[in-house]
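Presented below is the structure to which this report refers.
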Amino acid sequence: MSLLEIRDLKITFGGLDALSGLNFHIDEGEIVSVIGPNGAGKTTFFNAISGLVAPTEGAIDFEGESILGLDPSIVTSLGIARTFQNVRLFPNMTILENVMVAQHCRTSQLIYGALFQTKAFRKEEREIRERAEEVLGFFGHRLVGYRLDQPAFALSYANRRRLEIARAMATQPRLLLLDEPVAGMNPIETAELTALIGRLRSEWGFTIVMIEHDMKVVRDVSDRVVVLDHGVPIAQGSYEEVSKDPNVIEAYLGRPVEAKA
């Protein structure tokens, strides 16, 4: 059984099909990239999985159970976390607080414990902080030390990207959805984050679906690649297979591939 399975997914906005007839699956431990030109429906695909938009038709099963119609907070608690194309942090919270608050879906102490500072509440708060520091430590020196108490808005763009991934990691997901994780990064930052994506699987055990425009990143980390064009899947397979597919080349270049003499 696949960890995530999507069948005949269709999403329509005002009569326009953003996604149509999408079938997709990912098995435990895989890294699958979803690529396609702008407007192909990639982010809508993520929004459907995470509960931000309601599909018009189709099925989305996670660990064999339907997640259609569930609130995004419930989807997160079930074990699906995501990042966004445009970074969404709590800018006035510290780096540490951004990652601690992400663990709300895993806490058990209620308002009573917070008001009266019970022993159980203090113990859980300590564990949340320790887990947050462990997650931030994954990124090396970038987000630890004196930076823990810095507000998120003071970070560089690349470090804001790292912090958003850290916040997703802190929810303790089984499936991690990364929406253009290296967008806006320079070549050195891109290479560093590409290596980190591989370590998210090898060291933390995450299954990963990634939307990315940087084909070198897609090539270096993906087990499989799924290509969308105008909301329709047009190819899937290894990077080598899809990169040579005439339909994929046409979708990106806007013209048919000329036959060789």
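The table that follows gives values for the structure above.
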read-out: Residue-wise HN-Hα coupling along the stretch 198-205, computed from phi with Karplus coefficients 6.51, -1.76, 1.60 (Hz; x: Gly, Pro); value: x, 6, 4, 7, 5, 9, 10, x
read-out: Under Karplus coefficients 6.51, -1.76 and 1.60, residue-wise ³J(HN,Hα) of the stretch 46-59 in Hz, glycine/proline x; value: 5, 4, 5, 5, 8, x, 7, 9, 9, x, 6, 8, x, 9
read-out: Cα-based radius of gyration of the stretch 89-160 once divided by 2.2 N^0.38 Å, which approximates compact folds; value: 1.19
read-out: Degrees, to the nearest 10: 119-137 long Cα axis against longest axis of the chain; value: 40 degrees
read-out: Two-site FRET efficiency, S66 against H104, from Cβ-Cβ distance with R₀ of 25 Å, rounded to 0.05; value: 0.55
read-out: Residue-wise HN-Hα coupling along the stretch 213-229, computed from phi with Karplus coefficients 6.51, -1.76, 1.60 (Hz; x: Gly, Pro); value: 9, 7, 5, 5, 5, 4, 4, 7, 10, 8, 7, 9, 10, 10, 10, 10, 9
read-out: Of all DSSP beta bridges in the chain, antiparallel share, percent nearest 5; value: 55 percent
read-out: Partners for K216 among lysines (Cα-Cα distance below 18 Å; same-chain residues under 8 apart left out); value: K244
read-out: Potential extension, M1-A120 segment - 0.36 nm per residue separation minus Cα distance; value: 39.0 nm
read-out: Gained length - V232 relative to L52, 0.36 nm times residue gap less alpha-carbon distance; value: 62.8 nm
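We did not get these values from a lab; they are worked out from the coordinates using the rules stated. Note that the structure is predicted; figures quoted are calculated from it, not measured. Methodologically, a virtual Cβ is constructed for each residue, glycine included, from the backbone with ideal geometry; neighbour enumeration extends over all protein chains shown.
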